[in-house]
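Encoded as structure tokens, the structure appears first; notes follow it.
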Amino acid sequence: MEKESKNPWTFLSSREVYDNPWIHVEEHQVLNPNGGKGIYGKVSFKNKAIGIIPIDEEGYTWLVGQYRYPLEEYSWEIPMGGGALGENPLESAKRELKEETGLSARKWTSIMRIHTSNSVTDEEGFVYLAEEIRHGETEFEDTEDLEVIRLPFKEAVQWVMEEKITDSISIAGILKAAFLFVKDEK
């Protein structure tokens, strides 16, 4: 257990490489765990990652489809977005669900805290299960060109297994929710 808390890396210095309203990139000079000199790139996001799995009384969920510029491909995902670092993640989740799907929920359950790619970023994510769904109007942001679909939750799980869903937060959240449903049915 001692290894869990001891940092084997030695920080020497850092410099800013890039900064914009969404991310900050630094290059760190370090000594690696074996004492050799090296560099480490660190990407810090200026928001928390927030994902939502809405489930209605019929066992359906909603997915959001959009073209993802960095991947150069279309991506199906759970509704998600960014939450300000100082904002309660649940409040961010409520806002993002409304913006992307027009939905709101009476019941919210936190099901996951996740580090999205901990070898290069300190980004922290949160996934919520939203139930007792109410319908409303979407409030897309200017940068969003989204397709919203409703499908049985079991089909969303199948999309994960078939690699139709490849987004890490969506995969983790859907599989965790599926595990919780199976556990509750026993």
If you check GLY65 against the conditions, is it at pLDDT 95 or above and at positive phi?
no
Is it the case that the stretch 167-175 has a residue that's in contact with a strand residue (DSSP E or B) (Cβ under 7 Å, 6 or more places away or on another chain), over 13 Å from MET80 (Cβ atoms) and assigned by TED's automatic domain parsing to the domain that holds MET80?
no
So, in the stretch 6-26, exactly how many residues are free of Cβ contacts under 8 Å to residues at least 12 places away in the same chain and either in the same structural domain as GLY83 (by TED's automatic domain parsing) or surrounded by 10 or more Cβ atoms within 10 Å (Cβ to Cβ) (or both)?
2
Selection count, the stretch 86-135, where residues are of a type outside the set (A, V, I, L, M, F, W, C), under 20 Å from LYS42 (Cα atoms) and surrounded by 16 or more Cβ atoms within 10 Å (Cβ to Cβ):
5
For residues that are farther than 9 Å from GLU123 by Cα and not β-branched (Val, Ile, Thr), scanning just the stretch 43-61, find the one that is nearest to the chain's Cα centre (by Cα).
GLY51
Tell me, which residue of the stretch 62-89 that is hydrophobic (A, V, I, L, M, F, W, C) and within 28 Å of MET161 (Cα to Cα) is nearest to the chain's Cα centre (by Cα)?
MET80
Please verify whether the stretch 58-66 includes one or more residues that are loosely packed, with under 12 Cβ neighbours inside 10 Å, under 18 Å from HIS135 (Cα atoms) and touching a helix residue (DSSP H, G or I) at 6+ places or on another chain (Cβ under 7 Å).
yes
Long-range neighbours under 9 Å by Cβ, at least six apart or interchain, first residue over 15 Å from LEU180 (Cβ atoms) and touching a residue at least 12 places away in the same chain (Cβ under 8 Å) within the stretch 52-63, second in a loop (DSSP other than H, G, I, E, B) and among the polar types (S, T, N, Q):
none
Residues satisfying the stated conditions in the stretch 144-154, i.e. part of a helix (DSSP H, G or I) and surrounded by 14 or more Cβ atoms within 10 Å (Cβ to Cβ):
PHE153
Just to check your reading of the model, which residue among THR109, THR138, THR121 is of a type in the set (Ser, Thr, Tyr), under 14 Å from VAL64 (Cα atoms) and in the same structural domain as PRO70 (by TED's automatic domain parsing)?
THR138
Just checking, does the stretch 110-123 include any residue being over 16 Å from the mean Cα position of the chain (by Cα) and acidic (Asp, Glu)?
no
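The values are calculated or read from the model by the stated rules, or taken from the named source; none is laboratory data. Being a predicted model, the structure only gives us computed values, none of them experimental. Cβ atoms come from the backbone with ideal geometry, glycine included; neighbour counts cover every protein chain shown.
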